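The values are calculated or read from the model by the stated rules, or taken from the named source; none is laboratory data. Computed from a prediction, not measured in an experiment: that's the story for all the values here. Glycine also receives a Cβ, built like all others from the backbone with ideal geometry; neighbour counts cover every protein chain displayed. In case anyone asks, the SASA skips ligands and DNA or RNA and just uses the protein heavy atoms, side chains included. Shrake-Rupley method; radii C 1.70, N 1.55, O 1.52, S 1.80 Å.
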Amino acid sequence: MRMKRLFAAALASGTAVPLLAGCAGGGAGSEADNAGARPAGCGDTEAVIGFADGYGSNSWKRLNRAELEDELSKCPSVTDFIYPDAQGDTQKAIPDINSLASQGANGILAFPDAGEAILPALRSAYKSDIAVVPYRVSPGGEAGRDYTTFVASDF
């Protein structure tokens, strides 16, 4: 359980936050300043990361994925990255999350476009001892009971 909390904190602070911050843009030189730097959230334990995207076809979502892949590429402990795109179909998003769990994901970052309909799949993965971090769109439920933590946008 301790590993799950540590991994979730790393995923939320070391991956989700730069992912969201990277989409907001940075000041001049920010890309060069961070080039090649190992993210603070990288751990020593090997991990498979899944990014369950409810709809990844617009340019903002493509940028999310590219930023995440770039950050994870700096973590030698990340052995695999799995990306399912539900393409706006809730009936695909649910099995996508279940599939990440069955493929051995240690952490799942989820953009739950379908909201509360995704909660049972997130809860199931969380109860399987996987760090589950939905972000930006609330799936309902409660952090610590249904998923590890939720990362919201502060507009």
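Before moving on, here are some points about what is shown:
- Subset of segment 111-123 that is out of contact with any Asp or Glu (no Cβ under 6 Å at 6 or more places or on another chain) and not in a helix (DSSP H, G or I) - its residue that is least open to solvent (accessible area, probe 1.4 Å): 112
- Residue within segment 133-155 that is crowded, with 20+ Cβ neighbours inside 10 Å and more than 23 Å from residue 41 (Cβ to Cβ) present: no
- Test for residue 68: is it open to solvent by 10 Å² or more (accessible area, probe 1.4 Å), at pLDDT below 95 and not in a strand (DSSP E or B): no
- Verdict on residue 57 being assigned to a loop (DSSP other than H, G, I, E, B) and surrounded by fewer than 23 Cβ atoms within 10 Å (Cβ to Cβ): yes
- Filtered residue count, segment 85-127, keeping only those that are farther than 27 Å from residue 44 by Cα and hydroxyl-bearing (Ser, Thr, Tyr): 1
- Number of positions in segment 31-54 that are surrounded by fewer than 18 Cβ atoms within 10 Å (Cβ to Cβ), of a type in the set (Val, Ile, Thr) and either at pLDDT 95 or above or on the phi > 0 side of the Ramachandran plot (or both): 1
- If the condition is being free of Cβ contacts under 8 Å to residues at least 40 places away in the same chain and under 24 Å from residue 46 (Cβ atoms), then segment 58-69 contributes 65, 66, 69.
- Residue count for segment 73-110, restricted to those that are open to solvent by 10 Å² or more (accessible area, probe 1.4 Å) and assigned to a strand (DSSP E or B): 6.
- Condition check for residue 121: in contact with a helix residue (DSSP H, G or I) (Cβ under 8 Å, 6 or more places away or on another chain), at pLDDT 95 or above and not hydroxyl-bearing (Ser, Thr, Tyr): yes
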